[in-house]
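Scroll down for the structure; my scribbles are underneath it.
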Amino acid sequence: EEMVEALEPLMTSKTGKMTPDERTLIAVSFKNRLKPHLKVWRTLKAIEMFEKFDKYDKYINEYKDKSRQRLDEECQKSIDMIQKSILESPNRQEDEETLAYFHKVKGDYYRYLTEVAIEDRLTHAREQALKCYQ
């Protein structure tokens with residue numbers, strides 16, 4: 001979280017092209033912000049597979065709901081920031097490689113959303129991920 005905030009000026013106010021190192025730094029900061037949430041979600045999904053934990057379903061499901069919400073919020077924050085600050089920024093004049101890179105990163109976040117999304121949100125996340133990867 002702190003690293004993303006520290007790099008926000010780089011994303012919002014820098015004019016001209018981003019260097020490969022800057023791209024990597026931004027992508028890593030977004031990924032590091034999301035990692036703990038993904039880890040919690042995946043751990044809860046793994047625990048659900050064991051019958052011996054069935055008696056804790058109520059608690060697991062409550063925590064999964066909270067985890068789903070946090071993961072959804074963090075993914076959406078990252079998607080919005082990439083879209084507004086990099087892909088749609090009028091100050092930027094990025095090359096095709098950088099634009100493709102950040103479309104892929106944005107697609108990754110939609111893909112993460114597909115792990116937790118349900119119903120209409122799942123359909124939307126799948127469609128958007130596919131669109132970003134094309």
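With a 1.4 Å probe and all protein chains left in place, how much accessible area per residue does the chain have, in Å²?
62
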Ratio of Rg to Rh over region 19-134 (Cα coordinates, Kirkwood Rh, two decimals): 1.06
PHE50-GLU22 FRET efficiency (beta carbon distance; Förster radius 35 Å; 0.05 resolution): 0.20
Extension gain, GLN69 back to ARG126 (0.36 nm per residue minus Cα-Cα distance, nm): 18.8 nm
Per-residue SASA entry for VAL40, accessible area with 1.4 Å probe, Å² rounded to 10: 40
Nearest-10 value in Å² for the accessible area of PHE50, using the 1.4 Å probe: 110
Those GluC sites (Glu not before Pro) in region 1-68 that DSSP places in a loop and that have at most 16 other beta carbons within 10 Å: GLU1
Carbon + sulfur, % of accessible area of the chain - ligands and nucleic acids excluded, 1.4 Å: 52
Pairs beyond 30 Å (Cα-Cα), from LYS17/LYS106; LYS58/LYS84; LYS31/LYS131; LYS45/LYS84; LYS58/LYS131; LYS35/LYS131: LYS58/LYS84; LYS45/LYS84; LYS58/LYS131
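The values are calculated or read from the model by the stated rules, or taken from the named source; none is laboratory data. Keep in mind the model is a prediction, meaning the values are calculated, not measured. Neighbour counts run over all protein chains shown; Cβ positions are idealised from the backbone, glycine included. Note: accessible area is taken over every heavy atom of the protein model, side chains too, but ligands, DNA and RNA are not part of it. Shrake-Rupley method; radii C 1.70, N 1.55, O 1.52, S 1.80 Å.
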